[in-house]
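Undergrad: There's a structure below that I have some questions on.
The values are calculated or read from the model by the stated rules, or taken from the named source; none is laboratory data. From a predicted model like this one, the values you see are computed outputs, not experimental measurements. Note that each Cβ is placed from the backbone with ideal geometry, even for glycine, and that neighbours are counted across all protein chains shown.
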């Protein structure tokens, strides 16, 4: 998991990846997901509208990794113009990316 996620929500570090995300962790994640590009915000808003009540710890960790990307790199992934870089291509990140673009 990235340093950003640890700094923002240490409760995600040792938790089971399938555990439901707590309300407090969900609130922190929503705050972290604010972006500078409207296009990214639209993808993220749709994601939370669909999945916020069922998010898991693993999905939150994946989302934190994606939020460490620059706005342009994130948008390229969301529009499928680029592939995930191997160093961040984990199961958690791939799962969240799939949910974001579905």
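Undergrad: Residues that are surrounded by fewer than 19 Cβ atoms within 10 Å (Cβ to Cβ) and without any contact (Cβ under 8 Å) to a residue 24 or more places away in the chain: list the helices (runs of 4 or more DSSP H) wholly contained in the range 21-70 that include at least 1 such residues.
TA: Result: 23-32, 38-51.
Undergrad: From the list 74, 12, which one is buried (at least 19 other Cβ atoms within 10 Å of the Cβ) and within 12 Å of the chain's Cα centre (by Cα)?
TA: The match here is 74.
Undergrad: Of all residues in the range 84-97, how many are assigned to a loop (DSSP other than H, G, I, E, B) and touching a helix residue (DSSP H, G or I) at 6+ places or on another chain (Cβ under 6 Å)?
TA: Final tally of qualifying residues: 0.
Undergrad: Report whether or not residue 79 is closer than 27 Å to residue 20 by Cα and at pLDDT 95 or above.
TA: Here the answer is no, as residue 79 does not meet what is asked.
Undergrad: In the set 81, 17, which member is touching a helix residue (DSSP H, G or I) at 6+ places or on another chain (Cβ under 9 Å) and touching a residue at least 24 places away in the same chain (Cβ under 8 Å)?
TA: 17
Undergrad: Further, regarding this structure: For residues that are within 21 Å of residue 19 (Cβ to Cβ) and loosely packed, with under 12 Cβ neighbours inside 10 Å, tally how many sit in the range 82-102.
TA: The qualifying residues number 2.
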